[in-house]
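The values are calculated or read from the model by the stated rules, or taken from the named source; none is laboratory data. Please read all numbers here as calculations on a predicted model, not as lab measurements. Virtual Cβ from ideal backbone geometry, glycine too; neighbours counted across all protein chains shown. These area figures cover heavy atoms from the full protein model, side chains too; ligands, DNA and RNA do not enter into them. Shrake-Rupley method; radii C 1.70, N 1.55, O 1.52, S 1.80 Å.
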Amino acid sequence: MPTSLKVMLGVTDLLFLSYWGVSGLYVLGIMNVPESMLYANYHDLRVFAWNWSFLPLDVIFSVTGLMAITAANRGRPWWPSLALISLVLSSAAGGMAISYWIILCEFDPSWFLPNLVLFLWPLFFIRGIFMRMSR
């Protein structure tokens, strides 16, 4: 696995697992998060539900990404399949969030730009993974 892919997967996956950990602690009242760090309309039940609907997708791409890194480190030949799953789901999650913010015409850089990055960076690696898998 290319080092750049390991770094991008590892950073993205750990950040997302951290995000959901903090979000869970906030919802449970265990941790306080300043209102300024919450996305627009956070307390609207529909927006809240929309955000939490990403939990399964985000956890799956994070877990498969970390599994791909572990498999590659151990020399397992199936790591590209796990990496591909993680990359496609990461890009899909970013694209869905970008679409949501565009539909609402809300371009808060603190939420829009990270999702744009999440949508775009996996695209740089997907072709290489396909090429490796077709050998």
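Quick notes on this one:
- The single condition from (1) assigned to a helix (DSSP H, G or I); (2) closer than 20 Å to MET8 by Cβ that PRO56 fails is (2).
- Within segment 8-18, being open to solvent by less than 70 Å² (accessible area, probe 1.4 Å) and either free of Cβ contacts under 8 Å to residues at least 12 places away in the same chain or touching a strand residue (DSSP E or B) at 6+ places or on another chain (Cβ under 6 Å) (or both) holds for one residue alone: SER18.
- Counted residues, segment 103-135 - those being open to solvent by 80 Å² or more (accessible area, probe 1.4 Å) and at pLDDT 90 or above: 7
- Scanning segment 43-50 turns up no residue that is without any contact (Cβ under 8 Å) to a residue 12 or more places away in the chain and at positive phi.
- Only listed residue being under 20 Å from ILE129 (Cβ atoms), more than 13 Å from the chain's Cα centre (by Cα), open to solvent by less than 40 Å² (accessible area, probe 1.4 Å) and without any contact (Cβ under 8 Å) to a residue 40 or more places away in the chain, chosen from LEU38, LEU57, LEU82, LEU5: LEU82
- Residues (of a type in the set (Asp, Glu) and not in a loop (DSSP other than H, G, I, E, B)) located in segment 1-52: ASP13, GLU35
- Tabulated pairs, segment 85-113, first in contact (Cβ under 8 Å) with a residue 12 or more places away in the chain and hydroxyl-bearing (Ser, Thr, Tyr), second buried (at least 17 other Cβ atoms within 10 Å of the Cβ) and not in a helix (DSSP H, G or I), C-beta under 7 angstrom, 6+ apart or interchain: SER90/PRO122; SER91/PRO122
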